[in-house]
Amino acid sequence: MVKIGILGLTGVLTALLLKEVKPGFPVLISMVTCTLIFYYAVSKLSYVADTVASLQQFIELKDSYLKILLKMVGITYIADFSSSLCKDAGYSAVAGQIEFFGKISVLALSTPVLMALLETINKFLA
């Protein structure tokens, strides 16, 4: 975490210093900094995937549900990352549309899990 904090602060300070020299550079520096931080975050996802796989041994879950869960997490991270980059570049309308599409994608992806949950509840009530 310290490494990521230093990387973020270095990116921000570099962008602030170059703001007056070249107005276009701060946006590029921000994008590069965000991409590097995102790369480090994605490298941590392998640990999470391994943990979820070991958890699956203790709890009887279908593989498809875990895949859906990991896809949902991926969609939210990518949507948030892309939206933040667009906001930093000054394109708030595009950022809002990316966020909207991410929410709709998660909703569409979660419908099979919701249907399975409703079927399970229906079986208990019948």
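The values are calculated or read from the model by the stated rules, or taken from the named source; none is laboratory data. These numbers were taken from a predicted model, which means no experiment stands behind them. Every residue, glycine as well, gets a Cβ built from its backbone with ideal geometry; the counts of neighbours run over all protein chains shown.
Within the group 29, 37, 59, which residue is in contact with a Ser or Thr (Cβ under 8 Å, 6 or more places away or on another chain) and among the β-branched types (Val, Ile, Thr)? After applying the criteria, what remains is 29. Pairing residues of region 96-122 that are closer than 20 Å to residue 82 by Cβ and among the aromatic types (Phe, Trp, Tyr) with residues that are surrounded by 15 or more Cβ atoms within 10 Å (Cβ to Cβ) and at pLDDT below 95, at Cβ distances under 8 Å and at least 6 apart in sequence or on separate chains, gives 101/79.
Among the conditions (1) among the hydrophobic types (A, V, I, L, M, F, W, C); (2) without any contact (Cβ under 8 Å) to a residue 24 or more places away in the chain; (3) over 30 Å from residue 107 (Cβ atoms), the only one that residue 49 does not satisfy is (3).
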